[in-house]
Amino acid sequence: MENLDEAPASLDALLAALRAVAEPTRLRLLVLCARGELTVSELAHILGQSQPRVSRHLKLLCEAGLVDRFREGSWVFYRASGGHTASALGRHLVAACSDSDATIALDLQRLAAIKRQRAEQAAAYFSENAAQWHEIRSLYIDEREVEAAIAEIITAAAPRDLIDIGTGTGRMLEVLAPAVGHALGVDLSREMLSVARVNLERTGLENGIVRRGDMYQLPLPDRSFDAAVIHQVLHYADRPAAVIAEAARVLRPGGVLVVVDFAPHELEFLREQHAHRRLGFGDAHVAEWFVAFGLVPAAPRHLPGNPLTVAIWTAFSPGGPVAAAPSDAALVAASSSERVLPQ
C-alpha cells in the first residue's frame with residue numbers, strides 16, 4: 001500500500017531522481033505512468049521501442065522512486081509513485097510537460113487508444129455477465145440505498161486508508177473513495193480488475209487503485225487500514241470466517257469493518273445458478289465472528305427487499321493495542337459456527 005504521508009526528499013534522493021528522468025524516453029514513461037497503470041508491453045507499443053529496452057528504463061525509474069512496480073500473476077504493472085520521497089518531484093515534472101508537445105501528444109493519443117481497447121474488453125466481459133447480475137439485483141432493495149447506507153458509515157468514521165475486499169467492478173471504490181484519503185480494492189479475478197480499472201479511469205478517481213490478491217490471505221501488513229468493506233462477497237466464500245479474520249488483521253486500532261450481505265433466505269436457485277455458497281447470514285453468527293477476531297460489533301442494519309433482505313454489519317477494532325492474529329483454534333471455532341448456517 002502506498003504511503004500518502006510523503007517526507008521531504010533528501011538531496012541524494014532528489015539528485016538520483018533527476019538523473020533518472022533526465023533522458024527523453026524515461027521522461028515520456030513518467031508522463032504515461034502518471035496517467036494510469038500500464039504494462040511493459042503497452043508502454044513499449046506506445047513508445048515504439050522494444051520491451052527489454054523499456055524494461056531497463058522502467059527499472060531506473062523504479063530505483064529512483066518515481067515509478068511503482070507491482071505484479072498480477074504473469075503481468076507486471078507500472079504507475080507513477082504515490083508515496084516515495086521523490087513523488088512530489090515526479091508530479092512537478094509531469095505537470096511541466098505540455099500535452100501539446102508533439103512527442104507527448106502522440107504518446108497520449110496511443111495511450112487513449114489502449115484505454116479504449118481496455119474499455120471495450122471490459123464492456124464485453126460485463127455484458128456477458130450483466131444478465132445474471134441484473135437478475136440478482138432485482139431481488140433486493142435498490143443498490144443506491146445500500147450504497148448510501150455504507151457511505152454514511154464510512155463518512156462518519158472519517159478513515160484515511162480504506163480497503164475494499166473482493167472489489168469486483170470497483171463500485172465501492174467509486175462510492176467511497178471521495179470520503180477517504182486512499183482507497184485500495186483487492187480481487188482475485190483479473191477480469192474483474194480490468195473492469196474496475198476502466199471504471200476508476202472513467203470516474204477520474206486518483207486516490208482509488210486496485211490490486212490482485214486473495215481475500216483469505218491479503219498481501220498486506222497488519223494494521224494498515226482505518227476501514228475495510230466486504231460488500232456482497234461472503235456468500236461466495238467457502239470460508240467466510242477467514243475473510244473476516246483477514247479484515248480484522250489489517251485494521252488499525254479504532255478502525256471500522258463494514259460487511260454487507262444477505263440475511264438468511266431460501267432461494268436455492270442462487271446456489272445452483274449463480275454460485276452462491278451461502279444462503280445468507282444471521283446476525284448472531286456474524287457477531288460471533290467479529291468477537292472471535294477481536295472486533296467489537298455494533299447494531300446491525302437491515303434493508304428489506306422482495307424477497308431478499310440486505311444486512312449491514314459493522315464492527316470496530318479496539319482503540320487500544322490491536323488484537324493478536326487469530327489462532328488456529330479461533331478459526332476452527334468460528335468455522336464450526338458456519339456449519340449451522342443455512343445450507
Task: Packing-based ranking, highest mean first, of 99-107, 297-305 given that Cβ atoms within 10 Å are counted - done: 297-305, 99-107
Task: Gyration tensor (Cα) of the range 268-324, equivalent ellipsoid semi-axes in angstrom - done: 28, 14, 8
TODO: With both partners inside the range 139-338, how many of the DSSP beta bridges are antiparallel, as a percent to the nearest 5?
DONE: 40 percent
Task: Within the range 230-312: Cβ-based charge dipole about Cα centre, in debye rounded to nearest 20 (Lys, Arg +1; Asp, Glu -1) - done: 300 debye
Open item on the list: Once you order the gyration tensor axes a ≥ b ≥ c over the Cα atoms, which shape class does the range 186-238 get: rounded for a/c under 1.5, otherwise prolate or oblate by comparing a/b with b/c?
Closed with: oblate
TODO: Describe numerically, in nm with one decimal, the distance between label points set 7 Å from Cα along Cα→Cβ at THR155 and at THR39.
DONE: 3.9 nm
Open item on the list: I want to check the label-to-label distance for SER55 and GLU206. Put each point 7 Å from Cα in the C-beta direction and report it in nm to one decimal.
Closed with: 3.2 nm
TODO: Using R₀ = 51 Å, calculate the FRET efficiency as 1/(1 + (r/R₀)^6) where r is the Cβ-Cβ separation of ARG71 and SER138; round to 0.05.
DONE: 0.85
Open item on the list: Report, to one decimal in Å, the Kirkwood hydrodynamic radius for the range 139-338 based on all distinct Cα pairs.
Closed with: 16.8 Å
Task: Estimated translational D of the range 11-111 in µm²/s (Stokes, Kirkwood radius over Cα pairs; 4 °C; 1.567 mPa s) - done: 97 µm²/s
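Each value in this text was obtained by applying a stated rule to the coordinates, not by laboratory testing. In this text the structure is predicted, and so the values were computed from the model without any measurement. Here Cβ is always computed from backbone atoms with ideal geometry, including for glycine, and neighbour counts include all displayed protein chains.
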